[in-house]
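Chemist: Take this structure first; my questions come after.
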Amino acid sequence: MYKYIFGPVPSRRLGVSLGVDLVMSKTCNLDCIYCECGSTTKFYNTRDSYIDIDIDRLIGEVEDILQNLTPDYITFSGSGEPTLNKDLGIIIKKVRKIYSGKIAVITNSSLLNNLGVREALEEADLIIPSLDAISEDGFKRINRPIEGLSIKDILDGMTKFLSTTKKEVYLEIFIVEGINDGVEELEKFVEYLKDKKITVIQLNTLARPGAIKEIKPASMKRLSEIKDFFINHGLDSVEIIKKYTSREEFPKYSEKLEKLILNMLAKRKYSIHEMVELLQRNEVELFKYLNILQKEGKVKIVIENDQIYIKS
Ligand code: SF4
């Protein structure tokens, strides 16, 4: 059983991605209303080692899985914010020694003002920072930060990062209708992003229940309008992240895992955490299956008492 790695996770933007998780579930300095890992339970804003990382074991796990798998990316992400782990740069360097493919880091951008974080990110090939608001009010509503963290700090850090990085940057904006898609906020995005060096701006939205149940995914129509707004206001490279919606589109779809999931749920409902434990799969991977099965009417993903449950 692997402690630090999960997947491979099929993804449209990264192909087949092997995940590395450097923090405990769920360690973050934000508590985003759309977070697919549920509410933040370990609120920290200082860099530390949040799981007792045995770097040799982590590298051993990566080495082991690479014997049977050639991922398109090894991606540092998972159950919280990876830049909170102070060993990120060292670990990327060590992975690089045993893996010749590409390395990505998905970050919430909150620590970009920290030089050590920017240096660690430079060890990767691709950085996927998120930025969901430019106004302080929008930031507080959507990202619900730890006390003392302001959007001004994040924008300062982002500006430094974007002006110095030599790596590819896919900037992700998570759209929640009624919160960060108003004209005023969109104009602020344009104003901030217009002279920045970014490979592509990616618009994302909810694929499954977030940390609070009232929020709804933005429609494809709304995402397209926002994309057009950005392009018409001078931002050149903007795209919408499309999700896998059928098993045919999903590389390495496991019929066996699908059967296991359906058999489990035929007996009773399970929380997502129970399913992760029992099936020994990361929740990001499980949700790829659950979203498809939900679309086909075979399972239901619901929120009860602040917990995500799956039932048939
Ligand atoms: S930054 Fe990522 S892990 Fe942290 S709360 Fe937001 S979505 Fe969840």
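Bear in mind that the values in this text are calculations on the coordinates, not laboratory data. Fair warning: this is a prediction, and the values are worked out from it, not measured in the lab. Virtual Cβ from ideal backbone geometry, glycine too; neighbours counted across all protein chains shown.
Chemist: List the Cys residues of the chain that have no partner Cys with a C-beta closer than 4.7 Å.
Modeler: So, 28, 37.
Chemist: Give, rounded to the nearest 20 debye, the magnitude of the charge dipole that segment 217-301 has about its Cα centre when Lys and Arg contribute +1 at Cβ and Asp and Glu contribute -1 at Cβ. Spell out each step's value before the answer.
Modeler: Details: 17 positive and 13 negative charges, 100 e Å.
So the magnitude is around 480 debye.
Chemist: Just to be sure I understand: of the beta bridges DSSP finds with both ends in the chain, what percent are antiparallel, rounded to 5? Write down the numbers at each step before the final one.
Modeler: Working: 13 of 40 bridges.
Here the share of antiparallel DSSP bridges comes out near 30 percent.
Chemist: Rounded, prolate or oblate: which one fits segment 1-40, using the alpha carbon gyration tensor with axes a ≥ b ≥ c (rounded when a/c is under 1.5, else prolate when a/b beats b/c, else oblate)? If you can, show how the numbers build up before the last one.
Modeler: On the way: a/c = 2.84, a/b = 1.39, b/c = 2.04.
Cα axes put segment 1-40 in the oblate bin.
Chemist: Please list, or write none, the aspartates and glutamates whose alpha carbon is within less than 17 Å of the alpha carbon of residue 311, excluding same-chain residues fewer than 8 places away.
Modeler: Of all the aspartates and glutamates, those that pass the test against residue 311 - Cα under 17 Å, at least 8 places apart if same chain - are 258, 274, 277, 283, 296.
Chemist: Suppose a student asked you for the relative contact order of the chain, using Cα pairs under 8 Å spaced at least 6 residues apart; what percent would you report?
Modeler: Details: 557 pairs, mean separation 52.5, N = 312.
17 percent.
Chemist: So, one more: In whole Å, what is the distance between the alpha-carbon centres of segment 15-52 and segment 154-198?
Modeler: So the two Cα centres are separated by 22 Å.
Chemist: In nm, to one decimal, how far is the modelled label at residue 240 from the one at residue 45, with both set 7 Å along Cα→Cβ?
Modeler: 3.6
Chemist: Under unit Cβ charges (Lys, Arg +1; Asp, Glu -1), what dipole magnitude, rounded to 20 debye, does segment 1-105 have relative to its Cα centre? Mind showing how you got there, number by number?
Modeler: Values: 13 positive and 13 negative charges, 68 e Å.
The dipole of segment 1-105 has a size of about 320 debye.
Chemist: Also, I was wondering about something else. Sort 26-33, 104-111, 224-231 for me by packing, meaning the mean count of neighbouring Cβ atoms within 10 Å per residue, highest on top. Intermediate results must be reported in sequence, preceding the final value.
Modeler: Working: 26-33: 22.1, 104-111: 24.4, 224-231: 15.9.
With the highest mean Cβ count within 10 Å placed first, the list reads 104-111, 26-33, 224-231.
Chemist: Taking the Cα centre of the chain as origin, work out the dipole magnitude from +1 charges on Lys and Arg Cβ and -1 charges on Asp and Glu Cβ, in debye rounded to 20. Working shown, then result.
Modeler: Numbers: 46 positive and 48 negative charges, 174 e Å.
For this selection, approximately 840 debye.
Chemist: Which pairs, out of 3/298; 3/102; 26/216; 252/288, put more than 19 Å between their alpha-carbon atoms? Can you show the working numbers first?
Modeler: On the way: 3/298 31 Å; 3/102 22 Å; 26/216 22 Å; 252/288 12 Å.
The pairs that break the limit, which is 19 Å between Cα atoms, are 3/298; 3/102; 26/216.
Chemist: Enumerate the aspartates and glutamates that residue 188 could reach by cross-link, defined here as Cα to Cα under 13 Å, with residues fewer than 8 away along the same chain left out.
Modeler: 132, 136, 137
Chemist: What does the highest-first list of 15-22, 77-84, 215-222 look like by mean Cβ count within 10 Å?
Modeler: Result, highest mean first: 77-84, 15-22, 215-222.
Chemist: Then there's this: Just tell me, in residue order, which DSSP H segments of the chain are both 24 angstrom or longer along the helix axis (alpha-carbon based) and at least 0.5 in mean Kyte-Doolittle hydropathy. All intermediate terms of the calculation are to be shown ahead of the outcome.
Modeler: Working: long enough: none.
Length and hydropathy pass: none found.
Chemist: Here is a follow-up. Report the equivalent ellipsoid semi-axes for segment 5-243 in whole Å, largest first, defined as the square roots of five times the eigenvalues of the gyration tensor built from alpha carbon atoms.
Modeler: Each semi-axis is √(5λ); the values are 28, 19, 18 Å.
Chemist: Take every Cα pair under 8 Å in segment 245-312 that's 6+ residues apart, average their separations, divide by the length, and report that relative contact order as a whole percent.
Modeler: 38
Chemist: Over segment 4-105, calculate the relative contact order: mean separation of alpha carbon pairs under 8 Å at least 6 apart, over the residue count, as a percent.
Modeler: Working: 169 pairs, mean separation 34.9, N = 102.
In percent, rounded to a whole number, it is 34.
Chemist: While we're looking at this one, here's another question. For residue 167, list the aspartates and glutamates whose Cα falls under 15 Å from its own Cα; do not include residues on the same chain fewer than 8 positions away.
Modeler: 119, 122, 123, 125
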